[in-house]
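The values are calculated or read from the model by the stated rules, or taken from the named source; none is laboratory data. Everything numeric here is computed off the predicted structure, so don't read it as measured data. Please note: Cβ atoms are built from the backbone with ideal geometry, for glycine as well, and neighbour counts cover all protein chains shown.
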Amino acid sequence: MTKAAKRSVGTKIKIGLNAIGDLSSIGSPSITQEEIDVTTLDSEGGYREFIGGFKDAGEVALSGFFVPGDLGQAAVYAALESGDVQDFEIIYPAALGATWTFPGIVTAYNVTTDLEEAIGFEATIRVAGKPTLNLSPSAGLSALSLTGTGGTLSPSFTTGGYSYTYGGVTAASVTVTATAANHSLKLYVDGAFRQNLTSGTASTALPLTTTAAKKLTIIAQEEGKSSVVYEVVVVKTS
């Protein structure tokens, strides 16, 4: 029997515009509802009766590896210091087509060091209002292309493909063009927000070096629907 379960690899969480990087575990809002006892002397059969009270969306726990240069982790720490309510979004893999969005405050930030373990990062977000679980996926990109001398997109773009490589680049920079009518399009470079894209229009030039590949992430979203994430690893060969 074919199983509907999907792997969690590729799940992301954003604080504002920045993705929080190098995570190995992402929780979610956990909604509970208080109960109000409305039992009276004439309640039928001697059973207690209840109505719903306030709802509480709980806390979202994060854990992973401490990366001081990660803009998302830095934003979490800044949010703890400020105490301000932030906008968060959990984006599940595209095959699921689901997201959580919620306001929250950061209530804990912890860096862990243990013998024979990588230095860890932990944080807790208190959901501060109504969370929204969106189960209607955006249509996503209808076209994706990059320009840069020598570069080849592999595999060729398909509407059901979300992970690509753009290899063999000899140019000093590349541009990316994403097409998706009636979508907001956001471009990230190595996890950091770079710019809002206009459908069918090339991005600004993205500088490359031969010392490291760059990961381009495009998040496409139709209003009122869940986001779809595309990733392109760009490799400069000379």
Legend entry - Tally, over the stretch 173-195, of residues that are surrounded by 17 or more Cβ atoms within 10 Å (Cβ to Cβ) and among the small types (Gly, Ala, Ser): 3
Inset, instruction - May I ask you to list pairs of residues, at least six apart or on different chains, whose Cβ atoms are under 8 Å apart, with the first in the stretch 28-52 being touching a residue at least 60 places away in the same chain (Cβ under 8 Å) and the second being β-branched (Val, Ile, Thr)? - result: Ser28/Val60; Ser28/Ile90; Pro29/Val60; Pro29/Val127
Inset, instruction - Could you list, in sequence order, all residues of the stretch 46-62 that are farther than 18 Å from Val85 by Cβ, modelled with pLDDT of 95 or more and not in a strand (DSSP E or B)? - result: Tyr47, Arg48, Glu49
Inset, instruction - Can you tell me which residue among Glu89, Glu59, Glu34 is closer than 30 Å to Gly224 by Cβ, within 14 Å of the chain's Cα centre (by Cα) and among the acidic types (Asp, Glu)? - result: Glu89
Inset, instruction - With respect to Ala95, determine if the residue is outside the structural domain of Tyr162 (by TED's automatic domain parsing), closer than 22 Å to Leu133 by Cβ, out of contact with any helix residue (DSSP H, G or I) (no Cβ under 6 Å at 6 or more places or on another chain) and not aromatic (Phe, Trp, Tyr). - result: yes
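Only one of Thr124, Thr107, Thr101 is surrounded by 18 or more Cβ atoms within 10 Å (Cβ to Cβ), touching a residue at least 40 places away in the same chain (Cβ under 8 Å) and outside any loop (DSSP other than H, G, I, E, B); which?
On the way: Thr107 fails: surrounded by 18 or more Cβ atoms within 10 Å (Cβ to Cβ); Thr101 fails: touching a residue at least 40 places away in the same chain (Cβ under 8 Å).
Just a single option satisfies the conditions, and that option is Thr124.
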Inset, instruction - Being over 21 Å from Thr99 (Cα atoms), among the hydrophobic types (A, V, I, L, M, F, W, C) and at pLDDT 95 or above is the filter here, so list the residues in the stretch 136-177 that pass it. - result: Ala143, Leu144, Leu146, Leu153, Phe157, Val174, Val176
